[in-house]
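Only one structure is covered here, and it is reproduced in the block below.
The values are calculated or read from the model by the stated rules, or taken from the named source; none is laboratory data. Keep in mind it's a predicted model, so treat the numbers as computed, not measured. SASA here: full protein model, heavy atoms, side chains in, ligands and nucleic acids out. Shrake-Rupley method; radii C 1.70, N 1.55, O 1.52, S 1.80 Å.
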Amino acid sequence: MKSLIAFACFIAAAAAQTAAPVKVCIQTPSNVSHLAVAPEALRSRLIDEIVHDKKAKGTLDVVPIPGGDPADTAHDENCRLIVTTRFEQSFGYVAHNEDPASHTPPITAGGTLATRRATLAYSIARADGTGHVDEGGIPLRAGGDDSGAAARAIDDLAPRVVHTAVKSKP
């Protein structure tokens, strides 16, 4: 009985070591909002956040891909998932500054947490084209500059990517 349990543990350990990591392609974010952000820096931040997540250690391989058609690049890189992001104006927003001299970004009070009128829209899709695994939007919080708000939204997205990638089936 003990030898059977030991054999089962040995098989499970060997299977865990031979499991190939999930390849995730991260596309450079597009920006169709009023925000002044550096897309390549935000993609690098997302990759760093994913790589340093303790759930992703050894299970994910992250590949940065440029703009353009992500499906072609993901196919070439053998990625299982593609993460695309886009900074966009929130629905119904009409751009205007309250103070034209200071050019402060448009902000609205949203309950206890003020939000900018911009959203980080994201899509985590299967590279084989069978559909989206997860998609949604993260509203950018007010306070600080545009790049800081965008970085906080990227930080909120990273655990979602890790969770989706770890749970994804081949």
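Think of a 1.4 Å ball rolled over the protein heavy atoms: region 28-85 then has 55 Å² of accessible area per residue.
Working note: Karplus 6.51/-1.76/1.60 with θ = phi - 60° gives region 50-58 the couplings 5, 5, 8, 6, 5, 6, 8, 4, x Hz, where Gly and Pro are set to x.
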